[in-house]
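Here's the structure we're looking at; comments come further down.
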Amino acid sequence: MEKKATVNKEKIRIAVLAGGRSSEKEVSLRSGKNIHAALLRRGYKNTRIIDIDMEGLKQLFSKKFDIAFNILHGGEGEDGTVQGFLELLGIQYIGSGLSASVTCMDKVICKNILRENDIPTPEFIHIPEYMEIKPGITESIKLNLGFPCIIKPASEGSSVGIKIIKEEQNLEEILKDSHRQFKNIFIERFISGINITVGVIQKFDKIISLPILELVPANEFYDYEAKYTAGKTEFIIPARLQEEVYGLCSEIAEKAFRVFKCRDFARIDMIVEKGKFPLVHDINTVPGMTDLSDLPAEAEKDGISYDELVETLLLNGIWRNEKGK
């Protein structure tokens, strides 16, 4: 017998949380508008989109909502801050909980947990906020990671702040600039390979990996412009991988979803080195839901329309909350 959530479409009050203060605000607003429109089309009449500024927070304090659909990308919307706030208010929400949000948003913590659970991830060197950039760091990077390598902020999304370093010249100054701007950074071995992303959704007690999407950016790597500008990236579904590698990537994505205790939806980004060895470099607990986003494209390939995807995520959250009562 198929499980389903109990919901009165006419009465349930839904807040779609979008915007916020992160560098990904505009993308979040685009995602939020799409989700809001989809819910209205599916008959959820009491749905409102709330830009999470001070006025938006006051609306949440009013407790006039039964459930929140969190689509805040990056920053406080994805690092556990908003999740903790909603839990304090007693408002149920769609998306991963507090612990998964914290551990996936901080890429260094995420990479350490991946390692502990035998999930492959590229080698890296961490430079936390309190650490001073010393001359010896260049030699350490050269010996342990080699060139090219890639500098990343520990807690930014949408490829914000990423820099590819092809040689050691001026590396120390580049590191100091990144460290001043983002505080907590790491340097990762640059992987040349096939860029893929695996959307994972939850449908009641089932975890489902969607068709794998291969990303072929026009730019040097899959940066912010390539992600959110039409025509800047070629999307290939299913990814051009050998059958056994394709299956392995799906298994790794589902394992990561379980290990981090993600909920409802997530996107696991990997690079397949030499077409054979998948390496996880990001777990996105609030994946984009714009017209150009990866997760909706993967769902569509699996026969799931955008509106159906949004409603599935909503019903899964409602069912989970009912189950927990």
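The values are calculated or read from the model by the stated rules, or taken from the named source; none is laboratory data. Being a predicted model, the structure only gives us computed values, none of them experimental. All Cβ positions, even for glycine, are placed from backbone atoms using ideal geometry, and neighbour counts span all protein chains on display.
Details
- Looking only at region 214-245, and only at residues there that are at pLDDT 95 or above and part of a loop (DSSP other than H, G, I, E, B), the one that is surrounded by the most Cβ atoms within 10 Å (Cβ to Cβ): A239
- Among the residues listed as I196, I150, I133, the single one being in a loop (DSSP other than H, G, I, E, B) and in contact with an Asp or Glu (Cβ under 7 Å, 6 or more places away or on another chain): I133
- Unmet requirement for T138, which otherwise passes all of (1) of a type in the set (V, I, T); (2) out of contact with any Asp or Glu (no Cβ under 7 Å at 6 or more places or on another chain); (3) more than 23 Å from E78 (Cα to Cα); (4) in a helix (DSSP H, G or I): (2)
- Long-range neighbours under 8 Å by Cβ, at least six apart or interchain, first residue in the same structural domain as P211 (by TED's automatic domain parsing) and surrounded by fewer than 17 Cβ atoms within 10 Å (Cβ to Cβ) within region 246-266, second part of a helix (DSSP H, G or I) and of a type in the set (S, T, N, Q): K261/S99
- If you check I150, I196, I164 for being in contact (Cβ under 8 Å) with a residue 40 or more places away in the chain, among the aliphatic types (A, V, I, L, M) and in the same structural domain as H281 (by TED's automatic domain parsing), only one passes: I196.
- If you filter region 20-60 down to residues that are of a type in the set (D, E) and in a loop (DSSP other than H, G, I, E, B), you find that the one that is nearest to the chain's Cα centre (by Cα) is E24.
- Residue in region 73-86 that is in contact with a strand residue (DSSP E or B) (Cβ under 9 Å, 6 or more places away or on another chain), at pLDDT 95 or above and within 29 Å of L314 (Cα to Cα) present: no
- When region 23-56 is filtered for residues that are closer than 27 Å to V160 by Cα, touching a strand residue (DSSP E or B) at 6+ places or on another chain (Cβ under 8 Å) and aliphatic (A, V, I, L, M), the ones remaining, listed by number, are L29, I35, I49, I50, I52.
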